Amino acid sequence: MTSIKNALAGLWSLVVGMGITGKYFTAPLVTVFYPRQEAENIETYRGHVELVGKEDEAGVPLCIACGQCARQCPSQCITVSAKVAPADPAESKDGKPAKPKRLKTPGVFQLDYNLCSLCGQCVQVCPVDSLRYSNNVYFAVFTRQETNIDLLERLERQAKEGK
Amino acid sequence: MINPEYYPLVRMVIFLVAMMAFVGLNALVLVYAERKIAGHVQRRPGPFHVGWHGLLQPLADAGKLMAKQLLTPWSSDKLLFWAAPLLSFLPVILLFLPIPFGETLYGLNVNLGVVLILAFSGLNVLALCLAGWASNNKYGLLGAARAVAQSVAYEIPLLISVLTVALMSGSLDLHAITVQQGAWPWQWYGVLNPLAFFIYFISILGETNRAPFDLPEGESELTAGFHTEYSGMGFGMFFLSEYANMVVVCCVASILFLGGYQGPIESGWWWFLLKVYALLFIIIWMRWTFPRVRFDQLLNINWRWLTPLALLNLVGTVIVLRLAG
């Protein structure tokens, strides 16, 4: 008796399965025909990190070159160093030459995306919120060296393009 | 005007040539339908870029298959290895001979049409067996062994359900069976005896090695089963014969259970093709819904359910027919 009941239940499950695939068969496609169409949710994509520009000066990052992101990074793929102003001779004392001055803005900001694991710790640790995920979906390069991205140059380019 | 009734040989030859064209064309249509249905069931478009909505994709695939080199494995039995695909494909054309596509649209008016089809469709098993054996390949051999065990097992409920219909109609002539059923669905044997239709339908899935019973070519464990070693048109022949066999069993199903070429309003070959392609659509739909069964499950379904059910159905039909006079 139970085996007959099981067989009937099994048969019914087959019908249910056919119903599900039948429903999908008539449902609209989810495929995006890529070169002719693009996905609509690219802004939700979390690509490599990028710098955030100042509100009044889009080409200059909010970054204060504290280097916390570089220290925090588990893959050590960020290289930051502050911009250094040339020494001002007027500030020399007692005949000693003046020291060059470290400015609170980065002179170098390199991201070696080859090593990056997109963990996001640099984004979290940044005290001035100067880092964020880009939605650079179409990141493709021909050599490994090109994965070393100059984020300052990228920010300037974005500012110029008015993004 | 030549009356073809007086020239059965001419009629047969013309019909066979037409059927070869039909089998080839039908394979193209079914390959396209199979891939399109698979795509849409999974909410992708399927073939799309070759021709309008991928319509030329099967032609491109056929061209590729024909252009491919035919490899013969050095350790194989050369004669049997190349005899197998031919043996698989050639009898299939013959199976279409007694099938009435319409009132006058048939190749050979033979009063044992069902027997002819059942007899020659058995050759396909032999071909699969030869292919697996001659390949001298463990996957091929296992696939062939599975194909034989499966086909022999599923032949039994299939034959019994066909026998049930034969008893109901009192004839083995496909034309007579068609005519005995009316144009309307409630006059069809599939509606009068749904259990026989159900058993027949499950059995043809096993007979034609279609999913969920496609164990002879289970990719995950057997690479490609009996046709592992075949390249180019060697594989293409098995492929063609598989699709042609599907059409044949669906033709027989629509004649025995769905009233053949008869249909409401206006009977004709359009009703026949509609029924055949509706059945084929369901078979393809099932392929993309159900997972492959295990081999012991496959044989259990057959020996523990289908065969006893078919026998009970046969006995029940006999009793009902006797009581109804």
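The values are calculated or read from the model by the stated rules, or taken from the named source; none is laboratory data. As the structure is a prediction and not an experimental result, all values here were calculated from the model. Heads up, the Cβs are rebuilt from the backbone with ideal geometry, glycines too, and the neighbour counts pull from every protein chain shown. SASA here: full protein model, heavy atoms, side chains in, ligands and nucleic acids out. Shrake-Rupley method; radii C 1.70, N 1.55, O 1.52, S 1.80 Å.
Only one of (1) farther than 26 Å from A:Tyr138 by Cα; (2) within 14 Å of another protein chain (Cβ to nearest Cβ); (3) within 37 Å of the chain's Cα centre (by Cα) fails for A:Arg36. Which number is that?
Of the numbered conditions (1) farther than 26 Å from A:Tyr138 by Cα; (2) within 14 Å of another protein chain (Cβ to nearest Cβ); (3) within 37 Å of the chain's Cα centre (by Cα), the odd one out for A:Arg36 is (1).
Scanning for something in a helix (DSSP H, G or I) and over 20 Å from B:Ala176 (Cα atoms), does the range B:251-259 turn up at least one residue? Give the steps one after another, and end with the answer.
Here is the first cut: in the range B:251-259, the residues in a helix (DSSP H, G or I) are B:251-257.
Still in the list and also over 20 Å from B:Ala176 (Cα atoms): none.
There is no residue in the range B:251-259 that is in a helix (DSSP H, G or I) and over 20 Å from B:Ala176 (Cα atoms).
Go through the range B:257-301 and report how many residues are open to solvent by 50 Å² or more (accessible area, probe 1.4 Å), touching a helix residue (DSSP H, G or I) at 6+ places or on another chain (Cβ under 6 Å) and within 22 Å of B:Val191 (Cα to Cα).
Total meeting the criteria: 0.
Table: residues versus (1) touching a residue at least 12 places away in the same chain (Cβ under 8 Å); (2) within 20 Å of the chain's Cα centre (by Cα).
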site: B:Phe120; (1), (2): yes, yes
site: B:Ser135; (1), (2): yes, no
site: B:Leu141; (1), (2): no, no
site: B:Ser171; (1), (2): yes, no
site: B:Ala176; (1), (2): yes, no
site: B:Leu222; (1), (2): yes, no
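Can you find even one residue in the range B:243-254 that is surrounded by fewer than 18 Cβ atoms within 10 Å (Cβ to Cβ) and on the phi < 0 side of the Ramachandran plot?
Initial filter on the range B:243-254 (surrounded by fewer than 18 Cβ atoms within 10 Å (Cβ to Cβ)): none.
No, that holds for no residue.
Suppose we filter the range A:2-27 for residues that are within 9 Å of chain B (Cβ to nearest Cβ), open to solvent by 90 Å² or more (accessible area, probe 1.4 Å) and closer than 22 Å to B:Ile199 by Cβ; how many remain?
0
For A:Pro28, indicate whether it is more than 25 Å from A:Leu131 (Cα to Cα), part of a loop (DSSP other than H, G, I, E, B) and at pLDDT 85 or above. Working first, answer last.
Working: more than 25 Å from A:Leu131 (Cα to Cα): yes; part of a loop (DSSP other than H, G, I, E, B): yes; at pLDDT 85 or above: yes.
Yes: the conditions hold for A:Pro28.
Would you list the strands (runs of 3 or more DSSP E) that sit entirely within the range A:39-141 and hold 3 or more residues that are open to solvent by less than 70 Å² (accessible area, probe 1.4 Å)? Before you say what the answer is, go through the steps one by one.
Working: elements: A:49-51, A:78-85, A:101-112, A:131-133.
Answer list for the range A:39-141: A:49-51, A:78-85, A:101-112.
Looking at B:Leu55, B:Leu87, B:Leu28, B:Leu70, can you tell me which residue is touching a helix residue (DSSP H, G or I) at 6+ places or on another chain (Cβ under 8 Å), more than 28 Å from B:Gly107 (Cα to Cα), more than 14 Å from every other protein chain (Cβ to nearest Cβ) and free of Cβ contacts under 8 Å to residues at least 60 places away in the same chain? If you could, list the steps in order and put the result at the bottom.
Details: B:Leu87 fails: more than 28 Å from B:Gly107 (Cα to Cα); B:Leu28 fails: more than 28 Å from B:Gly107 (Cα to Cα); B:Leu70 fails: free of Cβ contacts under 8 Å to residues at least 60 places away in the same chain.
So the residue among B:Leu55, B:Leu87, B:Leu28, B:Leu70 that is touching a helix residue (DSSP H, G or I) at 6+ places or on another chain (Cβ under 8 Å), more than 28 Å from B:Gly107 (Cα to Cα), more than 14 Å from every other protein chain (Cβ to nearest Cβ) and free of Cβ contacts under 8 Å to residues at least 60 places away in the same chain is B:Leu55.
Do we find that A:Arg71 is under 20 Å from the mean Cα position of the chain (by Cα), away from every other protein chain (no Cβ under 14 Å) and among the charged types (D, E, K, R) in this structure? Walk me through it before giving the result.
Details: under 20 Å from the mean Cα position of the chain (by Cα): yes; away from every other protein chain (no Cβ under 14 Å): yes; among the charged types (D, E, K, R): yes.
Against the criterion (under 20 Å from the mean Cα position of the chain (by Cα), away from every other protein chain (no Cβ under 14 Å) and among the charged types (D, E, K, R)), A:Arg71 qualifies.
To keep it simple, each residue is scored yes or no on (1) in contact (Cβ under 8 Å) with a residue 12 or more places away in the chain; (2) within 14 Å of chain A (Cβ to nearest Cβ); (3) of a type in the set (A, V, I, L, M, F, W, C).
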position: B:Gln262; (1), (2), (3): yes, no, no
position: B:Glu266; (1), (2), (3): no, no, no
position: B:Leu273; (1), (2), (3): yes, no, yes
position: B:Ile284; (1), (2), (3): yes, yes, yes
position: B:Arg287; (1), (2), (3): yes, yes, no
position: B:Pro291; (1), (2), (3): yes, yes, no
position: B:Asp296; (1), (2), (3): no, no, no
position: B:Leu312; (1), (2), (3): no, yes, yes
position: B:Ile319; (1), (2), (3): no, no, yes
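Across the range B:111-122, what is the total count of residues that are within 14 Å of B:Ala84 (Cα to Cα) and modelled with pLDDT of 85 or more?
Of all residues in the range B:111-122, those within 14 Å of B:Ala84 (Cα to Cα) come to B:122.
Adding the requirement that they be modelled with pLDDT of 85 or more leaves none.
Count: 0.
Conditions: (1) surrounded by 11 or more Cβ atoms within 10 Å (Cβ to Cβ); (2) within 14 Å of chain B (Cβ to nearest Cβ); (3) touching a Lys or Arg at 6+ places or on another chain (Cβ under 8 Å). A:Val30 meets all but one. Number of the miss?
(1)
At pLDDT 85 or above, part of a helix (DSSP H, G or I) and out of contact with any Lys or Arg (no Cβ under 7 Å at 6 or more places or on another chain): is that true of B:Phe281 in this structure?
The answer is yes for B:Phe281.
Out of curiosity, is B:Ala144 surrounded by fewer than 23 Cβ atoms within 10 Å (Cβ to Cβ) and among the small types (Gly, Ala, Ser)?
Working: surrounded by fewer than 23 Cβ atoms within 10 Å (Cβ to Cβ): no; among the small types (Gly, Ala, Ser): yes.
Judged against the criteria, B:Ala144 is not a match.
Among what's in the range B:99-113 and is touching a Phe, Trp or Tyr at 6+ places or on another chain (Cβ under 9 Å) and open to solvent by 10 Å² or more (accessible area, probe 1.4 Å), pick the residue that is farthest from B:Tyr261 (Cα to Cα).
Restricting to residues being touching a Phe, Trp or Tyr at 6+ places or on another chain (Cβ under 9 Å) and open to solvent by 10 Å² or more (accessible area, probe 1.4 Å), the top hit is B:Leu108.
Which residues, counting only those in the range B:56-96, are exposed (fewer than 14 other Cβ atoms within 10 Å of the Cβ) and in a loop (DSSP other than H, G, I, E, B)?
Across the range B:56-96, the qualifying residues are B:Gln69, B:Leu70, B:Leu71, B:Trp74, B:Ser75.
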